[in-house]
Amino acid sequence: MAQLMMRHGGENVVVRDVPAAVEDTTPERLFERRWALSLIEHVMARLRADYSALGKAEQYREMLRAEIAETVSTPKEVDEEIRFLMSVL
């Protein structure tokens, strides 16, 4: 297992174990995973911007839901996309 590292307070912190890449990963699965990671990075960038601009951050969940809402047709699909997002991570 590989480890996901994150900087916190100037230090690298192990966030969680991440399964190593497997040989049977399909191009579609890789695309979905990259999409999920890209979406989360975008939300984190917004969170950092809000934190810097306002001195406090909005809730991550609210930002994630708002970001996903821009990519789906109906509000009902937001929860489905969140479940899918978690499944590809």
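The values are calculated or read from the model by the stated rules, or taken from the named source; none is laboratory data. Quick caveat, the model's predicted, so the values are computed rather than measured. FYI the Cβ positions are ideal-geometry reconstructions off the backbone, even for glycines, and counts take in every protein chain you see.
Take Glu58 and decide whether it is surrounded by 13 or more Cβ atoms within 10 Å (Cβ to Cβ), within 16 Å of the chain's Cα centre (by Cα) and modelled with pLDDT under 80.
yes
The conditions of being at pLDDT below 85, acidic (Asp, Glu) and in a helix (DSSP H, G or I) are met by Asp50. Scanning region 75-89 for residues that are in contact (Cβ under 8 Å) with a residue 12 or more places away in the chain and not in a helix (DSSP H, G or I) gives a single hit, Leu89.
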